[in-house]
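Asks: The structure is given below, and queries will be raised subsequently.
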Amino acid sequence: MEIERKFLIQSLPGNLDSCPFHQIEQGYLCTDPVVRIRRQDEDYYLTYKSKGLMVREEYNLPLTKEAYEHLLPKVDGILISKKRYLIPLSSSLTVELDIFEGELSPLILAEVEFDTEQEAKKFTPPGWFGEDVTYSPDYHNSVLSQKRQKTAN
């Protein structure tokens, strides 16, 4: 079960250079239900996510690099590329700060995962967080992957 809140970010926190990060590339084989492939650094996954906004089921299955590359041409929509910073917020909470690259740049989103729905609802975001978009499906990566390419000027 995944329980998370999601926020838009307008300005980055000052300590970003000292935080660990992952380089992520992901694409969607299907968006209803969500079936995703992901490369995170040198690890590969196939993920299923159920419907939902703040709370939904999520299953991650390991893939080999070869299986990932075989599925890559089957991706529907944009292949999302982003840098994910892991920023400790408290002893039990970590901000996953996604800085999108390519077609989705300059979008920046922060996600915080929780153990319970109650904990998520009581969460007070730090001052550098922007608008809470937890309940907006427009900010699910599966929806973002369906955006049309930017037109050239």
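Asks: Just to confirm my filter: which strands (runs of 3 or more DSSP E) fall fully inside the stretch 60-153 and include at least 1 residues that are among the hydroxyl-bearing types (Ser, Thr, Tyr)?
Replies: Filter on the stretch 60-153 gives 80-88, 94-100.
Asks: Report whether or not Met1 is closer than 29 Å to Glu119 by Cα, modelled with pLDDT under 95 and open to solvent by 30 Å² or more (accessible area, probe 1.4 Å).
Replies: yes
Asks: If you don't mind, there's one more thing I want to ask. Being surrounded by 15 or more Cβ atoms within 10 Å (Cβ to Cβ) and of a type in the set (A, V, I, L, M) is the filter here; which residues of the stretch 80-111 pass it?
Replies: Ile80, Ile87, Val95, Leu97, Ile99, Leu104, Leu107, Ile108, Leu109, Ala110
Asks: On to the next question. Which residues, counting only those in the stretch 19-74, are small (Gly, Ala, Ser) and either at negative phi or in contact (Cβ under 8 Å) with a residue 40 or more places away in the chain (or both)?
Replies: Gly27, Ser50, Ala67 - these are the residues of the stretch 19-74 that are small (Gly, Ala, Ser) and either at negative phi or in contact (Cβ under 8 Å) with a residue 40 or more places away in the chain (or both).
Asks: Let me ask something else. Quick check, is Ile87 farther than 17 Å from Pro137 by Cβ and of a type in the set (A, V, I, L, M)?
Replies: Yes: the conditions hold for Ile87.
Asks: So His70 passes all but one of these: (1) of a type outside the set (D, E, K, R); (2) under 15 Å from the mean Cα position of the chain (by Cα); (3) open to solvent by 70 Å² or more (accessible area, probe 1.4 Å). Which condition number does it fail?
Replies: Among (1) of a type outside the set (D, E, K, R); (2) under 15 Å from the mean Cα position of the chain (by Cα); (3) open to solvent by 70 Å² or more (accessible area, probe 1.4 Å), His70 violates only (2).
For every residue, the table says whether it meets (1) closer than 18 Å to Ile37 by Cα; (2) free of Cβ contacts under 8 Å to residues at least 60 places away in the same chain.
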| site | (1), (2) |
| --- | --- |
| Lys82 | yes, yes |
| Ile87 | no, no |
| Ser91 | no, yes |
| Thr94 | no, yes |
| Leu97 | no, no |
| Phe100 | yes, yes |
| Pro106 | no, yes |
| Ala110 | no, no |
| Glu113 | no, no |
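Asks: Answer yes or no as to whether Gln23 is open to solvent by 40 Å² or more (accessible area, probe 1.4 Å) and either over 19 Å from Thr134 (Cβ atoms) or at pLDDT below 95 (or both).
Replies: yes
Asks: Which condition number in (1) within 11 Å of the chain's Cα centre (by Cα); (2) at positive phi; (3) of a type outside the set (A, V, I, L, M, F, W, C) is the one that Lys83 fails?
Replies: That leaves (2) as the condition not met.
Asks: Kindly list, by first and then second residue, each pair from a residue in the stretch 129-149 that is among the hydrophobic types (A, V, I, L, M, F, W, C) to a residue that is assigned to a loop (DSSP other than H, G, I, E, B) and open to solvent by less than 30 Å² (accessible area, probe 1.4 Å), limited to pairs with Cβ atoms under 9 Å and residues at least 6 apart or on different chains.
Replies: That search, which allows pairs on different chains as well, returns Phe129/Ile9; Leu144/Ile78.
Asks: In addition: Go over the candidates Leu63, Leu12, Leu8, Leu46 one by one and state the one that is within 19 Å of Leu109 (Cβ to Cβ), open to solvent by less than 80 Å² (accessible area, probe 1.4 Å), out of contact with any helix residue (DSSP H, G or I) (no Cβ under 6 Å at 6 or more places or on another chain) and among the hydrophobic types (A, V, I, L, M, F, W, C).
Replies: Sole residue among the options that is within 19 Å of Leu109 (Cβ to Cβ), open to solvent by less than 80 Å² (accessible area, probe 1.4 Å), out of contact with any helix residue (DSSP H, G or I) (no Cβ under 6 Å at 6 or more places or on another chain) and among the hydrophobic types (A, V, I, L, M, F, W, C): Leu8.
The values are calculated or read from the model by the stated rules, or taken from the named source; none is laboratory data. For clarity, every value in this text was computed on a predicted model and none was experimentally measured. Backbone-built Cβ (ideal geometry, glycine too); neighbour counts: all protein chains shown. The accessibility values were calculated without ligands, DNA or RNA, using every heavy atom of the protein model including side chains. Shrake-Rupley method; radii C 1.70, N 1.55, O 1.52, S 1.80 Å.
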